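FYI, it's all coordinate maths here, none of it is from the lab. The structure displayed is predicted, hence computed values, not measured ones. Counting neighbours? That spans all protein chains shown, and the Cβs are built from the backbone with ideal geometry, glycine included.
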Amino acid sequence: MEVKYWNKEIETIEREKLEDLQFERLKKTVTQALKTDFYRKRLPEFGINSAEDLSSLEDLRRLPFTTKNDLRDAYPYGMMAVDRSEVVRMHASSGTTGTPTVIYLTADDLARSTDITTRSIVATGGGREDVFQNMMTYGLFTGGIVLHYGAEALGMMVIPASSGNTARQFKMMKDFSTSIIHATPSYMLYLHSRMEEFGIKPEDLNVKKAFVGAEPHSEDVRKKIERLWGIDVYNSYGLSEMNGPGLAFECVYKDCMHVWEDAYIMEIVDPDTLEPVPDGEFGELVLTILQRDAMPLLRYRTRDLTRIIPGACACGRTHRRLARMKGRTDDMLIINGINVFPSQIEEVIMRMPEVGTNYLIVVQKNGPLDRLIVKTEITPEILTDDTRDLYALKKKIAENLKASISLNPVVELHEHGVLPVSEGKAKRVVDER
Ligand code: DLL
């Protein structure tokens, strides 16, 4: 197997040196954190008044955890550690309510983030000879633009296709001999399901690899995409709060994801006790970003359940190995790659006076994609025999939801008393996938 590096020195650095580097960068991160409104208040409560209060990497454990709610509460600028004029980029993702969680990068932060995404692409064997069709959504979501920068820095020809428009995706793939695709695993399956209709066979295309991520998927799904498309598929994990994709990526051996530990400190903790679990055991992934001056984040609780795979990788990289995600500890749903909290849906429907108090969120498989069905109860006053009124109401609910969660749901209206009522804690989400 041919192993290529983008920055061999750092990718194969001795563990001891890597940990020294992490400690040095952690101190810098704490210094930055103390410049934010949020950590300036929080860190002294934990006895940290300056980076000098940390004497070794183990002191990381003296630092408080940070949660998505902290980010939401600090919206819009409470976590910014530099003057706004230094910031060149922001991204945002869904919060548990209408307030998004935002991140910021300075020009240097962006250059460092780009560098690790390039490193990730090279780890899969990608090179400047490749044509990269990026089918992740461009916009506030990190999936599109962040990997775009990494691919461009490598010298690939990048097609910023974004998601959607099947006909155009196939046309670009054919006309420009796309060799690498970046997409969600479900979009890869969806595209395959439409090939016949467009008269395309995978062997007519030049696609060799796909990077898939942004949503949970099993090893079986990876193998299925590989078999259907006749390509190599690499798992990529990341989250907006940590600059998106590029954080952890598979190498050519495809048996783990390397977390770039010069840029992130990873911990796996028991989600109940928040104590570290031994290597190899499942727990919640907690991350500290080391290379972001504009917005430091310490011990961020990702809510993703995974484990460290003990032992070294045959590729020679010394950065520890992360297993495929097993699930989440919170109620966040990922529907066609888009993160949705049930509370966001509730907020929208409860704001509408026509809608009663009971509702049910159903998520189903719709071929290779997902379907979101929102069943709502309507108030007796609204109940009418005129289907046009009901149709207009359905449309209004769907539009309001689309504006909030960026997904097109199927809306069903029900008379009072039809939707199940639970005694005790209401069960509002049925995930049938
Ligand atoms: O999904 C960033 C990303 C874009 C990663 C493109 C990979 C490729 P968010 O929208 O903030 O960011 O969603 C982050 O998605 O906490 C996981 O629960 C889930 N997730 C992301 N990648 C994977 C993966 C991007 N490979 C949330 N496997 C994370 C399983 C994933 N879950």
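Report, ordered by the first and then the second residue, all pairs with beta carbons closer than 7 Å, sequence separation of six or more or different chains, a first member in segment 194-206 that is closer than 16 Å to Ile225 by Cα, and a second member that is among the polar types (S, T, N, Q) and surrounded by 10 or more Cβ atoms within 10 Å (Cβ to Cβ).
Arg194/Thr166; Asn206/Ser177; Asn206/Thr178; Asn206/Ser179
Taking segment 21-57, which residues are surrounded by 18 or more Cβ atoms within 10 Å (Cβ to Cβ), among the hydroxyl-bearing types (Ser, Thr, Tyr) and part of a loop (DSSP other than H, G, I, E, B)?
Matches in segment 21-57: Thr36 only.
Can you pull out the residues in segment 176-190 that are small (Gly, Ala, Ser) and away from the ligand (no atom under 12 Å from the Cβ)?
Those that are small (Gly, Ala, Ser) and away from the ligand (no atom under 12 Å from the Cβ): Ser177, Ser179.
So which residues in segment 334-343 are within 12 Å of the ligand (Cβ to nearest atom) and farther than 18 Å from Glu284 by Cβ, if there are any at all?
Answer for segment 334-343, where residues must be within 12 Å of the ligand (Cβ to nearest atom) and farther than 18 Å from Glu284 by Cβ: Ile335, Asn336, Gly337, Ile338, Val340.
How many residues, within segment 142-182, are free of Cβ contacts under 8 Å to residues at least 60 places away in the same chain and either of a type in the set (A, V, I, L, M, F, W, C) or in a helix (DSSP H, G or I) (or both)?
25
Of all the strands (runs of 3 or more DSSP E) wholly in segment 201-264, which have at least 2 residues that are within 27 Å of Met172 (Cβ to Cβ) and within 13 Å of the ligand (Cβ to nearest atom)?
Correct list: 209-213, 232-239, 244-250.
Test Thr273 against the criterion of being among the β-branched types (Val, Ile, Thr), at negative phi, assigned to a loop (DSSP other than H, G, I, E, B) and surrounded by fewer than 15 Cβ atoms within 10 Å (Cβ to Cβ), and give yes or no.
Yes; evaluated as a whole, the condition is true for this residue.
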